[in-house]
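Enquirer: Sending over a structure as structure tokens; questions will come in a sec.
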Amino acid sequence: MRSDSFSDTTWGFADVIPQFSLRWNAGVNNFMTYVTGDIPVGAYQSTRLANLGLGHGAIDAGGGYTYFNPATGPELSAVLGFTYNFVNPSTQYQSGVDMHLDWGASQFLTKQVQVGLVGYAYKELGCDSGSGDRVGCFRSQVFGVGPQFGYVFPLSEGLHGYVNLKGYAEFGGAARPTGWNSWLTFAISPAAAPPPPGTSHDHEIGYGSRPHFSGATDGSRGRSTVQFRPERGARFRHSSA
């Protein structure tokens with residue numbers, strides 16, 4: 001019986017991920033479209049186990065929707081996107097086009113405390129290819145779901161912070177390993193403007209409803225994704241093969 005152990009460590013910069021988005025809202029309904037990508041300038045070597053860059057370029061596009069009712073606090077969000085991966089020049093391997101869906105459902109118990117569920121689905125739609133492909137089509141997929149907790153707190157008269165902790169347990173994996181992962185995020189945003197003089201406090205927006213979008217590389221899937229969430233204005237919020 002034989003066992004082996006391998007390890008590696010690296011330091012440096014990750015890839016550059018530019019993003020362009022268009023967003024708008026109509027009452028409790030928030031919408032957005034986006035285009036983002038990966039410029040492979042991060043630390044990467046095909047012979048190394050640990051890498052901060054993908055080693056190849058990618059372009060990703062999609063759209064998102066959030067329902068958020070500031071009067072009662074419920075939120076439902078989803079972002080659907082598709083990624084085209086360019087050939088890795090070091091390995092001459094090209095991953096197929098993939099689809100990724102990120103979603104979240106939560107409830108603000110107070111103006112500061114948020115609890116809910118999050119999840120994602122990743123599926124490779126196209127076959128891998130390139131002269132470096134030694135395994136054939138090799139389509140991968142994975143799903144994840146788990147809890148989330150968010151907390152809004154004031155930083156100053158005009159700014160507030162938002163901390164979010166979420167965890168995912170993966171299942172339904174194919175042609176890739178599965179496991180679990182957790183994410184801790186922190187955002188700083190302008191506080192919601194006070195209501196106009198004479199406005200009834202019964203109609204104040206306690207959480208705010210300004211849509212907020214951010215690009216992120218989700219390490220659990222290794223693809224460039226965009227997370228969509230309504231940003232919480234706190235008078236007294238704020239998401240990546």
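The values are calculated or read from the model by the stated rules, or taken from the named source; none is laboratory data. Here the structure is a predicted model, which is why all the values come from computation and not from measurement. Cβ atoms come from the backbone with ideal geometry, glycine included; neighbour counts cover every protein chain shown. Ligands, DNA and RNA are excluded from the accessible area calculation, which covers all protein heavy atoms including side chains. Shrake-Rupley method; radii C 1.70, N 1.55, O 1.52, S 1.80 Å.
Enquirer: Taking residue 61, is it among the aliphatic types (A, V, I, L, M) and over 22 Å from residue 122 (Cβ atoms)?
Expert: Judged against the criteria, residue 61 is not a match.
Enquirer: Further question on the same structure: How about the stretch 22-59: which of its residues are hydroxyl-bearing (Ser, Thr, Tyr) and more than 20 Å from residue 98 (Cβ to Cβ)?
Expert: 46, 47
For (1) open to solvent by less than 60 Å² (accessible area, probe 1.4 Å); (2) outside any loop (DSSP other than H, G, I, E, B); (3) more than 30 Å from residue 133 (Cβ to Cβ), each residue gets a yes or a no:
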site: 4; (1), (2), (3): no, no, no
site: 11; (1), (2), (3): no, no, yes
site: 30; (1), (2), (3): yes, yes, yes
site: 38; (1), (2), (3): yes, yes, no
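Enquirer: Can you find, within the stretch 135-146, the residue that is farthest from residue 173 (Cα to Cα) among those that are surrounded by 15 or more Cβ atoms within 10 Å (Cβ to Cβ) and not polar (S, T, N, Q)?
Expert: Residues of the stretch 135-146 surrounded by 15 or more Cβ atoms within 10 Å (Cβ to Cβ): 138-146.
Within this subset, residues satisfying the condition of being not polar (S, T, N, Q) are 138-139, 142-146.
Working: 138: 13, 139: 11, 142: 4, 143: 7, 144: 9, 145: 13, 146: 16 Å.
Applying the filter and picking the extreme gives 146.
Enquirer: Which one of the conditions (1) open to solvent by 20 Å² or more (accessible area, probe 1.4 Å); (2) in a loop (DSSP other than H, G, I, E, B) does residue 55 fail to meet, given that it meets all the rest?
Expert: All conditions are met except number (1).
Enquirer: I'd like to know if the stretch 103-121 contains one or more residues that are under 15 Å from residue 60 (Cα atoms) and surrounded by fewer than 18 Cβ atoms within 10 Å (Cβ to Cβ).
Expert: There is no residue in the stretch 103-121 that is under 15 Å from residue 60 (Cα atoms) and surrounded by fewer than 18 Cβ atoms within 10 Å (Cβ to Cβ).
Enquirer: For the stretch 152-165, check the following and say yes or no: at least one residue is more than 24 Å from residue 37 (Cα to Cα), at pLDDT 95 or above, open to solvent by 10 Å² or more (accessible area, probe 1.4 Å) and touching an Asp or Glu at 6+ places or on another chain (Cβ under 7 Å).
Expert: No, the stretch 152-165 has no match at all.
Enquirer: Taking the stretch 58-93 as the region of interest, how many residues are touching a Gly at 6+ places or on another chain (Cβ under 7 Å), exposed (fewer than 14 other Cβ atoms within 10 Å of the Cβ) and among the β-branched types (Val, Ile, Thr)?
Expert: Within the stretch 58-93, residues that are touching a Gly at 6+ places or on another chain (Cβ under 7 Å), exposed (fewer than 14 other Cβ atoms within 10 Å of the Cβ) and among the β-branched types (Val, Ile, Thr) number 0.
Enquirer: If a residue has to be closer than 24 Å to residue 47 by Cα and not in a strand (DSSP E or B) to count, how many in the stretch 59-99 make the cut?
Expert: 8
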